[in-house]
1. If you go through region 26-34 one residue at a time, do you hit one that is part of a loop (DSSP other than H, G, I, E, B), touching a residue at least 60 places away in the same chain (Cβ under 8 Å) and closer than 19 Å to Asp230 by Cα?
2. For Val6, which of the numbered conditions (1) in contact (Cβ under 8 Å) with a residue 60 or more places away in the chain; (2) surrounded by fewer than 22 Cβ atoms within 10 Å (Cβ to Cβ) fails to hold?
3. Looking for something more than 19 Å from Ala111 (Cα to Cα), in a loop (DSSP other than H, G, I, E, B) and at pLDDT below 95 - is there at least one such residue anywhere in region 150-170?
4. Which one is nearest to Ser120 (Cα to Cα), of the residues in region 46-80 that are among the β-branched types (Val, Ile, Thr) and in contact (Cβ under 8 Å) with a residue 24 or more places away in the chain?
5. I need every pair where a residue in region 190-216 that is without any contact (Cβ under 8 Å) to a residue 40 or more places away in the chain has its Cβ under 7 Å from the Cβ of a residue that is outside any helix (DSSP H, G or I) and within 16 Å of the ligand (Cβ to nearest atom), sequence separation at least 6 or different chains.
6. Residues that are of a type in the set (A, V, I, L, M, F, W, C) and within 24 Å of Ile247 (Cα to Cα): does region 80-90 have at least one?
7. Going by the conditions given, is Glu82 acidic (Asp, Glu) and out of contact with any Lys or Arg (no Cβ under 6 Å at 6 or more places or on another chain)?
8. Test Gly176 against the criterion of being within 16 Å of the ligand (Cβ to nearest atom) and surrounded by 20 or more Cβ atoms within 10 Å (Cβ to Cβ), and give yes or no.
Amino acid sequence: MRRKIVAGNWKLNTTLTEGMDLARSVIDLLKKGGGGNVSVIIAPPFTHLTEIKKIIGDEIGLAAQNCAAEKSGAFTGEVSAEMIRSAGAGYVITGHSERRHYFNESDKDVASKVRNAIESGLQPLFCCGEKLHERERSIYTEVIKKQIQLGLFDLPKDDFSKVIIAYEPVWAIGTGKNATPEQAQEIHQYIRHLVEEKYDRNVANNLTILYGGSCKPSNAGELFSNNDIDGGLIGGASLSAEDFYSIINSF
Ligand code: PGA
């Protein structure tokens, strides 16, 4: 069954104490009700995972924001998918545009991170999306197709079924300028079509596709009301428990 998901990507924000407070506030709001059939996930910095797991238990899913392309060895500063799993997380974001662009992650790196995640028992939250000049030149479907083919389509069907995709147009991330519901729906439908062609209709129908990029309480409802938009990957607005809770209740 296709899941509705709202995931918060905290990026490089919050100290451990601030992160624990934020997680507690989200849990407290969820206890008031709402969010019924929505899976909520938060992705704090690596250093917070273990402590935050103690706060959220199984009520909220826990994700890391990245994992190593390698499994182990002499790679100073890297954190492996297996380490993340052992810290209590169930998910990992892979291929976020900030990783692709600021840290030069290639499609090959992302594919290897996805494989490691699945082998370690994590569900990858795979991000894809075009830059502004690619949208302006109307080559955005080709860009997204290539990212998905190279990042995901080597997976056998059973493994692909564990993947969650987030469409995040780069020009909408952190800019305050979200994709219109029509623009987002067009791409989500296109991604589902690619997956149906590669695997089958059942896999495509069950795939959760999130929208990310300046998603906030004021636009989440309109975005989530589209057939192929199954929730959101939320950056800035996930740093406010109230805004995040309001997005969770936007379906
Ligand atoms: P934003 O970030 O909501 O701050 O635009 C989204 C993301 O990068 O996942």
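The values are calculated or read from the model by the stated rules, or taken from the named source; none is laboratory data. Model, not experiment: these values are computed from the prediction. Counting neighbours? That spans all protein chains shown, and the Cβs are built from the backbone with ideal geometry, glycine included.
1. Yes; the residues of region 26-34 include at least one that is part of a loop (DSSP other than H, G, I, E, B), touching a residue at least 60 places away in the same chain (Cβ under 8 Å) and closer than 19 Å to Asp230 by Cα.
2. Checking Val6 against (1) in contact (Cβ under 8 Å) with a residue 60 or more places away in the chain; (2) surrounded by fewer than 22 Cβ atoms within 10 Å (Cβ to Cβ), the one that fails is (2).
3. no
4. Step by step, filter region 46-80, then rank; the result is Val79.
5. Matching pairs, first to second residue: Arg192/Ile209; Cys215/Asn178; Cys215/Gly232; Cys215/Ile234.
6. Yes, there is a match, as at least one residue in region 80-90 is of a type in the set (A, V, I, L, M, F, W, C) and within 24 Å of Ile247 (Cα to Cα).
7. Answer is yes for this residue.
8. So Gly176 does not fit the description; no.
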